[in-house]
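Visitor: Next up is a structure, given as structure tokens.
The values are calculated or read from the model by the stated rules, or taken from the named source; none is laboratory data. Everything numeric in this text was worked out from a predicted model, so none of it was measured. Note that we place each Cβ from the backbone using ideal geometry, even for glycine, and neighbour counts take in every protein chain shown. Areas reflect the complete protein model, heavy atoms only, side chains present, ligands, DNA and RNA absent. Shrake-Rupley method; radii C 1.70, N 1.55, O 1.52, S 1.80 Å.
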Amino acid sequence: MKQKTIRDVALDVLLQIEKNQAYSNLLLNQTVKKANLDQRDVGLLTEIVYGTVQRRDTLDFYLEPFIKKGVKKLDDWVRVLLRLSLYQMIYLDRVPDRAIVHEAVTIAKRRGHQGISGMVNGVLRNVRRQELRSFDEIKDDLTRLAIETSHPLWLVKRLVAQYGFEEARQMCLTNLEPPQVTVRVNKTKASVDEAIELLRQEGIGTIRGYLSNDALIIEKGNVTHTEAFKNGVITIQDESSMLVARALAPDEEMHVLDCCAAPGGKSTHLAEQMNDQGRVTALDLHDHKVKLIQQLSERLQLKSVEGKTMDARLAKDSFEEATFDAILVDAPCSGLGVIRRKPDIKWTKSLKDIEAIQNIQKEILTAVVPLLKPGGRLVYSTCTIDRTENEEMVQWFLENHNDFQLDLSLSERLPQHISEKAKFEEGSLTILPHHFNTDGFFITAMIKR
């Protein structure tokens, strides 16, 4: 049997994302492992899949005039094939347009009948010959922004209502850019300078991070194939996410609870902050995710992290009151700050999802309150930029737990230059994706009286 081409594989992945609401990052990883692809093909496959998902509504806007009015309804696979082909023609320059059209027609012949392949051929050839339509056709500002940046209209309206039009526009545009790869240096194994040199010897180009003093931004090469990665000198983590452990700032010998810990990035960072001298109890709801925490701890050679399969909402049934010196609630959230990494989020999430996740956030916060020692620090963080999950959640918590107060010293534990762009409020920090080219993140710290 002839091996599938990269576009064939991309079409299969995109159809699964569309039909089954499969997570693009997980599905891509599974597909790459099964297909045993060359590394160059992996890069192209990833670019086509992520790019087509990211630009979905923009691509449909461009395609609409070229699809004959007589076509009442396109099969899903045909529409997705047209999208991924048009994405390559507009946004990629490594493959000639004629080759893209030829392969799309070949796929259409194999999967459908002659009429479908003829229609695909006609649409894509017309795209080559004619100019694409202008966004100026769209008179409503919010609808234009939604189509131009390929975001659902409900989300655009929400971002504009919470942040204003220009800030929302900047976020939407940044969400279309590929995310940078950053790594955290494990300070129990090496200094930042030593890590830079180790990576340089393996052909990896780096520059120092901007937000966290143990961060490196990867400019060239694949770090996961290096000995430095395999030996636990570095681990992949976004820079804004690295600030969470700094916000908690645990001392050596502390016992810290990480309530929603998988896959373990923040748990292991906490352990590194304590020089692996304290104790981090890392909870997650699922066994297979707890194994990820354990595997990461083993690779980083950290002994102070203990993974437990447990619903954080039931933690008080397993631990005595005032057990922990500090608690991190990196809460389940809508994930609207990581759309660049998981572009399908914007098509699968809805207002109902945000409302539902708020109840879980409240339940977790309420459940862990008794477990914190008086004087202990509670850090609440999310990878979303939605204010109802962030500032409004903190306001709700303080109104319902008068034994807590905002930790006004939070800004002292984080780099001061962050305030040039990001927003420090009393005891909290909001980083939007376009501030530092990182994930969108919210962090707040509170003290138990």
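Visitor: Mind checking which residues of segment 23-34 are open to solvent by less than 70 Å² (accessible area, probe 1.4 Å) and under 18 Å from Thr224 (Cβ atoms)? Spell out the reasoning first.
Guide: Step one: list which residues in segment 23-34 are open to solvent by less than 70 Å² (accessible area, probe 1.4 Å), which gives 24-25, 27-28, 31-32.
Matches in segment 23-34: Asn25, Leu28, Thr31, Val32.
Visitor: Okay, moving on. Counting only residues that are within 18 Å of Ile6 (Cβ to Cβ) and touching a residue at least 60 places away in the same chain (Cβ under 8 Å), which one in segment 101-130 is most open to solvent (accessible area, probe 1.4 Å)?
Guide: Checking each candidate, the answer is Glu103.
Visitor: Condition first: in a loop (DSSP other than H, G, I, E, B) and either without any contact (Cβ under 8 Å) to a residue 12 or more places away in the chain or within 29 Å of the chain's Cα centre (by Cα) (or both). Now tell me which residues in segment 321-340 satisfy that.
Guide: Here is the first cut: in segment 321-340, the ones in a loop (DSSP other than H, G, I, E, B) are 321-323, 331-340.
Ala331, Pro332, Cys333, Ser334, Gly335, Leu336, Gly337, Val338, Ile339, Arg340, listed by residue number.
Visitor: Restricting attention to segment 134-143, report how many residues are open to solvent by 60 Å² or more (accessible area, probe 1.4 Å) and either touching a helix residue (DSSP H, G or I) at 6+ places or on another chain (Cβ under 7 Å) or assigned to a helix (DSSP H, G or I) (or both). Break it down stepwise before answering.
Guide: The first filter runs over segment 134-143 and keeps only residues open to solvent by 60 Å² or more (accessible area, probe 1.4 Å), leaving 136-137, 139-141.
Filter once more, keeping what is either touching a helix residue (DSSP H, G or I) at 6+ places or on another chain (Cβ under 7 Å) or assigned to a helix (DSSP H, G or I) (or both): 136-137, 141.
Residues in segment 134-143 being open to solvent by 60 Å² or more (accessible area, probe 1.4 Å) and either touching a helix residue (DSSP H, G or I) at 6+ places or on another chain (Cβ under 7 Å) or assigned to a helix (DSSP H, G or I) (or both): 3 in total.
Visitor: If I filter segment 253-263 for residues that are touching a residue at least 60 places away in the same chain (Cβ under 8 Å), open to solvent by less than 10 Å² (accessible area, probe 1.4 Å) and acidic (Asp, Glu), do I get at least one hit?
Guide: If we filter segment 253-263 for residues that are touching a residue at least 60 places away in the same chain (Cβ under 8 Å), which is where we start, we get 254-261.
Now narrow it down to the ones that are open to solvent by less than 10 Å² (accessible area, probe 1.4 Å): 256-259, 261.
Subsequent filtering for residues that are acidic (Asp, Glu) retains 258.
Checking segment 253-263: at least one residue is touching a residue at least 60 places away in the same chain (Cβ under 8 Å), open to solvent by less than 10 Å² (accessible area, probe 1.4 Å) and acidic (Asp, Glu).
Visitor: Give the residues of segment 19-74 that are charged (D, E, K, R), touching a helix residue (DSSP H, G or I) at 6+ places or on another chain (Cβ under 8 Å) and modelled with pLDDT of 90 or more, sorted by residue number. Give the derivation first.
Guide: Keep residues of segment 19-74 that are charged (D, E, K, R), which gives 19, 33-34, 38, 40-41, 47, 55-57, 60, 64, 68-69, 72-73.
Among the residues that remain, those that are also touching a helix residue (DSSP H, G or I) at 6+ places or on another chain (Cβ under 8 Å) are: 19, 41, 55-57, 60, 68.
Arg55, Arg56, Asp57, Asp60, listed by residue number.
Visitor: To continue, here is another question. Read through the list (1) open to solvent by 40 Å² or more (accessible area, probe 1.4 Å); (2) touching a helix residue (DSSP H, G or I) at 6+ places or on another chain (Cβ under 9 Å); (3) modelled with pLDDT of 85 or more, then give the number of the only condition that Arg83 fails.
Guide: Result: Arg83 fails condition (1) only.
Visitor: Here's a follow-up. Restricting attention to segment 87-97, and to residues there that are of a type outside the set (A, V, I, L, M, F, W, C) and in contact (Cβ under 8 Å) with a residue 24 or more places away in the chain, which single residue is nearest to Thr52 (Cα to Cα)? Spell out the reasoning first.
Guide: First, the residues of segment 87-97 that are of a type outside the set (A, V, I, L, M, F, W, C): 87-88, 91, 93-94, 96-97.
Restricting the remaining residues to those that are in contact (Cβ under 8 Å) with a residue 24 or more places away in the chain gives 87-88, 91, 94, 97.
Numbers: Tyr87: 6, Gln88: 9, Tyr91: 10, Arg94: 16, Asp97: 16 Å.
The qualifying residue nearest to Thr52 (Cα to Cα) is Tyr87.
Visitor: Tell me which strands (runs of 3 or more DSSP E) are completely within segment 367-443 and hold 1 or more residues being of a type in the set (Phe, Trp, Tyr) and surrounded by 16 or more Cβ atoms within 10 Å (Cβ to Cβ), or say none if there are none.
Guide: In segment 367-443, the matching strands (runs of 3 or more DSSP E) lie at 372-382, 404-406.
Visitor: Can I ask one more? Just a yes or no: is a residue in segment 86-109 more than 32 Å from the chain's Cα centre (by Cα) and either of a type in the set (Lys, Arg) or at positive phi (or both)?
Guide: Yes.
Visitor: Hey, among Glu103, Glu177, Glu166, which residue is assigned to a helix (DSSP H, G or I) and under 30 Å from Ala422 (Cβ atoms)?
Guide: Working: Glu103 fails: under 30 Å from Ala422 (Cβ atoms); Glu177 fails: assigned to a helix (DSSP H, G or I).
Among Glu103, Glu177, Glu166, only Glu166 is assigned to a helix (DSSP H, G or I) and under 30 Å from Ala422 (Cβ atoms).
Visitor: Also, I was wondering about something else. Name every residue in segment 319-346 that is open to solvent by 40 Å² or more (accessible area, probe 1.4 Å) and at pLDDT below 95, in order of residue number.
Guide: If the condition is that a residue be open to solvent by 40 Å² or more (accessible area, probe 1.4 Å) and at pLDDT below 95, then Arg341, Lys342 are the ones that fit.
Visitor: Just one of (1) assigned to a loop (DSSP other than H, G, I, E, B); (2) among the acidic types (Asp, Glu); (3) surrounded by 13 or more Cβ atoms within 10 Å (Cβ to Cβ) trips up Asp60, so point out which.
Guide: With (1) assigned to a loop (DSSP other than H, G, I, E, B); (2) among the acidic types (Asp, Glu); (3) surrounded by 13 or more Cβ atoms within 10 Å (Cβ to Cβ) applied to Asp60, the lone miss is (1).
Visitor: Please give the number of the condition Gly376 fails out of (1) in contact with a Phe, Trp or Tyr (Cβ under 7 Å, 6 or more places away or on another chain); (2) under 26 Å from Arg340 (Cα atoms).
Guide: Going through the list (1) in contact with a Phe, Trp or Tyr (Cβ under 7 Å, 6 or more places away or on another chain); (2) under 26 Å from Arg340 (Cα atoms), Gly376 breaks only (2).
Visitor: Would you check which residues across segment 173-220 are free of Cβ contacts under 8 Å to residues at least 24 places away in the same chain, open to solvent by less than 60 Å² (accessible area, probe 1.4 Å) and more than 13 Å from Ile234 (Cβ to Cβ) and list them?
Guide: Gly203, Gly205
Visitor: Could you grab me the full set of residues in segment 148-171 that are open to solvent by 40 Å² or more (accessible area, probe 1.4 Å) and more than 15 Å from Thr388 (Cβ to Cβ)?
Guide: Once the filter is applied, which keeps residues that are open to solvent by 40 Å² or more (accessible area, probe 1.4 Å) and more than 15 Å from Thr388 (Cβ to Cβ), segment 148-171 yields Glu148, Leu153, Phe165, Glu166, Glu167, Arg169, Gln170.
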